[in-house]
Amino acid sequence: MDYRGIFDDAVDALRSEKRYRVFADLERVAGDFPRAIYRDSADNAREITIWCSNDYLGMGQHPKVIAAMQETAGRIGAGAGGTRNISGTNRPLVELERSLADLHRKEAALVFTSGFVSNEASISTIARLIPNCLILSDQLNHASMIQGVRQSGMEKKIFRHNDVAHLRELLAAAGKTRPKLIVFESVYSMDGDIAPIEAIADLADEYNALTYIDEVHAVGMYGPRGGGICERDGLMDRIDVIEGTLAKGFGVMGGYITANASIVDAVRSYAPEFIFTTALPPALCAAAHASIEHLKTSTAERDGHQRQANRVKHVLAEAGLPVMATSTHIVPLIVGDARQCKAASDMLMERHGIYIQPINYPTVPKGTERLRITPTPYHTDEMIAELRDALNSVWETLDLKRDFDMTKLQANKLTAGDLTLPSVGG
């Protein structure tokens, strides 16, 4: 049996479809974000500008965050020592969970090693603990949520993306007495659209369902204290479980859930992904805590973020580039072909020193391949002008399409694909 050949063939299939993922060798420079040092395959180094980072506010290089990490590592050490069950909970982690519970106005919080793990562990555990639970999941939920739904082993129904009428049909068919869990996101990271949270919460009340929302692309960036879309819209008390990440708006690492004390304690006590995983190191916890506390009182980062995101959308649209309109900080630039999308990304890096990772199927539906641009408060107006000029040059050189019917694109997304086996996110 040629075992190696099996794996080579599997990877070659991705290459032939232009879906093979290449990780750029990047070294971010503290204090000079979003500039970074890029090294090619020959180890030649040059400065580039990152335009697709999920460190949306640049908090990963904020002086308070770096200082908290350095001080804590020097005082406590590098590692957590093991699982929380075996080694206890380090003090910075206790303080971090208290800060998160306060952020979302919930009774308790639980921190995991990543946002993926927090979704997978929490959704699967919560659903398993509810007898005869029916899970209702949005069509475009992230892969981590999908994995949690599958891992639960419970019956699931997929509702069309943000389609409240379809969700109502599924809830009505299940009846008001059957236990139900509705899982969805606030900001969807590929199209930058926002869920109808209040309408979903109203349906949950009407049909006696529990609600679970993923706010990973919103925490830190929205709301008076950075609590996300639910805080911005005054809906935190309407949602039972709010999940978030420490790795995007807060710029560090880790994931978490916040909820009432009973739900959090149940997940803590039953989720193997939590019980048998080494805890986050104290220095990371301290850094995340510093970031959260800073953003609870500082609006400068959020204001600058929204200003520059809106400017990028306006400048690129004015230049005739195919920007998908969004009401969030996500700026999708449609290419519509996997090979051309990869070629555009490569040309931006090679000729213009701009890094934007191509987004292809299965992360987005075929025909909607795109460059996903994520401006930060640190992208200057000059950088935005450079981005516009570089994109125009690439579009002209590769003869890329500019006149997509965005309305049709959005409509196709709502009905495309197998609603029983979604797999998207980023």
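The values are calculated or read from the model by the stated rules, or taken from the named source; none is laboratory data. Computed from a predicted model, the values in this text were never measured in an experiment. No Cβ is skipped: glycine too gets one built from the backbone with ideal geometry, and neighbour counts run over all protein chains shown. Surface accessibility is based on the protein's heavy atoms, side chains included, excluding ligands, DNA and RNA. Shrake-Rupley method; radii C 1.70, N 1.55, O 1.52, S 1.80 Å.
Within segment 109-124, the set of residues being surrounded by fewer than 23 Cβ atoms within 10 Å (Cβ to Cβ) and out of contact with any Lys or Arg (no Cβ under 9 Å at 6 or more places or on another chain) comprises Thr113, Ser114, Phe116, Val117. Please tell me if Arg402 is within 13 Å of Val323 (Cβ to Cβ) and modelled with pLDDT of 95 or more. So Arg402 fails the test.
Thr83 satisfies every condition listed in (1) surrounded by 17 or more Cβ atoms within 10 Å (Cβ to Cβ); (2) among the β-branched types (Val, Ile, Thr); (3) touching a Phe, Trp or Tyr at 6+ places or on another chain (Cβ under 7 Å) except (1). Would you confirm, using the coordinates I've provided, whether Ala218 is closer than 30 Å to Gly336 by Cα, open to solvent by less than 10 Å² (accessible area, probe 1.4 Å) and of a type in the set (A, V, I, L, M)? Considered against the rule, which asks whether it is closer than 30 Å to Gly336 by Cα, open to solvent by less than 10 Å² (accessible area, probe 1.4 Å) and of a type in the set (A, V, I, L, M), Ala218 comes out as yes. Residues in segment 377-393 that are open to solvent by less than 80 Å² (accessible area, probe 1.4 Å) and outside any helix (DSSP H, G or I): Pro377, His379, Thr380.
Is one or more of the residues making up segment 222-230 more than 28 Å from Ser99 (Cα to Cα), assigned to a helix (DSSP H, G or I) and at pLDDT 95 or above?
no
Within segment 127-148, does at least one residue satisfy the condition of being surrounded by 24 or more Cβ atoms within 10 Å (Cβ to Cβ) and without any contact (Cβ under 8 Å) to a residue 40 or more places away in the chain? Checked segment 127-148: at least one residue is surrounded by 24 or more Cβ atoms within 10 Å (Cβ to Cβ) and without any contact (Cβ under 8 Å) to a residue 40 or more places away in the chain.
Of everything listed in (1) in a helix (DSSP H, G or I); (2) touching a residue at least 24 places away in the same chain (Cβ under 8 Å), the single unmet condition for Ile6 is (2).
Note on segment 158-181: residues that are in a helix (DSSP H, G or I), within 22 Å of Asp193 (Cα to Cα) and either in contact with an Asp or Glu (Cβ under 7 Å, 6 or more places away or on another chain) or open to solvent by 40 Å² or more (accessible area, probe 1.4 Å) (or both) total 3. One residue stands out in segment 15-30 among those that are within 28 Å of Ala385 (Cα to Cα) and not in a loop (DSSP other than H, G, I, E, B): the one that is least open to solvent (accessible area, probe 1.4 Å), namely Leu26.
Let's see how each residue does on (1) without any contact (Cβ under 8 Å) to a residue 12 or more places away in the chain; (2) buried (at least 24 other Cβ atoms within 10 Å of the Cβ); (3) under 21 Å from the mean Cα position of the chain (by Cα); (4) part of a helix (DSSP H, G or I):
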position	(1), (2), (3), (4)
Glu97	no, no, yes, yes
Arg105	no, no, no, no
Lys156	no, no, no, no
Val183	no, yes, yes, no
Met190	no, no, yes, no
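Residues that are without any contact (Cβ under 8 Å) to a residue 12 or more places away in the chain, of a type in the set (D, E, K, R) and more than 28 Å from Glu350 (Cα to Cα) do not occur anywhere in segment 52-65.
Taking the conditions (1) modelled with pLDDT under 95; (2) touching a Gly at 6+ places or on another chain (Cβ under 9 Å); (3) surrounded by fewer than 13 Cβ atoms within 10 Å (Cβ to Cβ); (4) not small (Gly, Ala, Ser) in turn, Phe33 satisfies each one other than (3). Of the residues screened, Arg46 is one that is assigned to a strand (DSSP E or B) and closer than 29 Å to Pro332 by Cα.
For Ala68, the requirement of being more than 23 Å from Ile356 (Cα to Cα), part of a loop (DSSP other than H, G, I, E, B) and open to solvent by less than 50 Å² (accessible area, probe 1.4 Å) is not met. A count restricted to segment 236-271 and to residues that are open to solvent by 10 Å² or more (accessible area, probe 1.4 Å), under 27 Å from Ile130 (Cα atoms) and outside any helix (DSSP H, G or I) stands at 2. For first residues located in segment 20-40 and within 15 Å of Asp55 (Cβ to Cβ), partners that are in a loop (DSSP other than H, G, I, E, B) and among the β-branched types (Val, Ile, Thr) and lie 6+ apart or on another chain with Cβ distances below 9 Å form the pairs Phe33/Thr376; Pro34/Thr376; Arg35/Val29; Ala36/Val29. Considering only residues in segment 314-338 that are free of Cβ contacts under 8 Å to residues at least 60 places away in the same chain and not in a loop (DSSP other than H, G, I, E, B), the one that is nearest to Tyr378 (Cα to Cα) turns out to be His314.
Scanning segment 40-49 turns up at least one residue that is under 30 Å from Met347 (Cα atoms), modelled with pLDDT of 95 or more and surrounded by 14 or more Cβ atoms within 10 Å (Cβ to Cβ).
The set of residues from segment 49-60 being outside any loop (DSSP other than H, G, I, E, B) and within 19 Å of Val216 (Cα to Cα) comprises Met59, Gly60. Out of all the residues in segment 107-152, which are among the polar types (S, T, N, Q), within 15 Å of the chain's Cα centre (by Cα) and within 28 Å of Ala287 (Cα to Cα)? Listed by number, the residues that qualify are Thr113, Ser114, Ser118, Asn119, Ser144.
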